[in-house]
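Student: Mind looking over this structure? Questions follow.
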Amino acid sequence: MKFLLGEKIEMSQIFDAKGKVIPITLIRATPNVVLAVRGDKEGYKGIQMGFGERKEKNIRKPQRGHFKDLGSFRYVKEFRTEDLHERGEKIDVSVFKEGDTVKVSGVSKSKGFQGVVKRHGFHGAPATHGTKHAHRQPGGIGGSGGRAGGRVAKGIRMAGRMGGERVSVRNLKIAKVDVENNMLAISGAVPGRRGTLLEIRG
């Protein structure tokens, strides 16, 4: 299994051999460092990886002791894997090749408190024929379906906080790999804003 932590930079586009435009997302993935190897002691097989840089003064002492001489990392994540790795090993963008299919996971953009039209795609009330001040309201929310007391059932789609959730996008393809600059170009869109931490699995 291939995996890597990276940072979303921006979206752009490239042209293929036939002149067709391919939308891409640029991801900067500086070499990830293996901080710990999980095995029989933990009850599962996997590795803990560090990514990004942080000032040492902002890292807590227990983490400094854990990192030791490997560096000062901003992010620490674990991946389940059966492959053999060693502490201190570096994994870079060269693990992927053009044409590889990957799954990218990250936290989507937060959009704050939104109404039902934007959050759930409600069509709203008619614009004319007596509608007044209710064009984007949700309508009735209780009493339907013979529920006793007209309570509001769980799962009713209503206004609320939108975005800011973990999202995974599957079947994306690696368009280009730039080992020298630690950059990956992935065809299509991935979750999050610029600077979002992304998990790339192949």
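The values are calculated or read from the model by the stated rules, or taken from the named source; none is laboratory data. Just so it is clear, the model here is predicted, and its values are computed rather than measured. Note: ideal-geometry Cβ built from the backbone for every residue, glycine included; neighbour counts use all protein chains shown.
Student: Under 9 Å between Cβ atoms, at least 6 apart or on separate chains: pull out the pairs that start in region 174-189 with a residue that is within 14 Å of R28 (Cβ to Cβ) and end on any residue that is of a type in the set (S, T, N, Q) and part of a loop (DSSP other than H, G, I, E, B).
Tutor: These pairs meet every condition: N182/T30.
Student: Looking at the structure I just gave you, is G140 of a type outside the set (D, E, K, R) and at positive phi?
Tutor: Answer is no for this residue.
Student: Moving to a separate point now. If you scan region 68-121, which residues turn out to be in a helix (DSSP H, G or I), among the basic types (K, R) and surrounded by fewer than 16 Cβ atoms within 10 Å (Cβ to Cβ)?
Tutor: Once the filter is applied, which keeps residues that are in a helix (DSSP H, G or I), among the basic types (K, R) and surrounded by fewer than 16 Cβ atoms within 10 Å (Cβ to Cβ), region 68-121 yields K68, K118.
Student: Going by the structure shown, is N171 in contact with a Lys or Arg (Cβ under 8 Å, 6 or more places away or on another chain) and either of a type in the set (A, V, I, L, M) or farther than 23 Å from R74 by Cα (or both)?
Tutor: The answer is yes for N171.
Student: Give the residue that is nearest to the chain's Cα centre (by Cα), with candidates limited to residues of region 1-36 that are among the β-branched types (V, I, T) and either in a loop (DSSP other than H, G, I, E, B) or closer than 17 Å to G71 by Cα (or both).
Tutor: T30
Student: Search region 158-169 for residues being farther than 21 Å from I14 by Cα and in contact (Cβ under 8 Å) with a residue 60 or more places away in the chain, and hand back the single one that is surrounded by the most Cβ atoms within 10 Å (Cβ to Cβ).
Tutor: V167
Student: So, one more: For region 28-87: of the residues being in contact (Cβ under 8 Å) with a residue 24 or more places away in the chain and hydroxyl-bearing (S, T, Y), which is nearest to R193 (Cα to Cα)?
Tutor: Y75
Student: In addition: Kindly check whether there is at least one residue in region 147-157 that is outside the structural domain of M11 (by TED's automatic domain parsing) and either within 16 Å of E7 (Cβ to Cβ) or buried (at least 16 other Cβ atoms within 10 Å of the Cβ) (or both).
Tutor: Within region 147-157 (the criterion being outside the structural domain of M11 (by TED's automatic domain parsing) and either within 16 Å of E7 (Cβ to Cβ) or buried (at least 16 other Cβ atoms within 10 Å of the Cβ) (or both)), the answer is no, since none of the residues qualifies.
Student: Can you tell me which condition G130 does not meet? The list is (1) surrounded by 10 or more Cβ atoms within 10 Å (Cβ to Cβ); (2) assigned to a loop (DSSP other than H, G, I, E, B), and all the others hold.
Tutor: Going through the list (1) surrounded by 10 or more Cβ atoms within 10 Å (Cβ to Cβ); (2) assigned to a loop (DSSP other than H, G, I, E, B), G130 breaks only (1).
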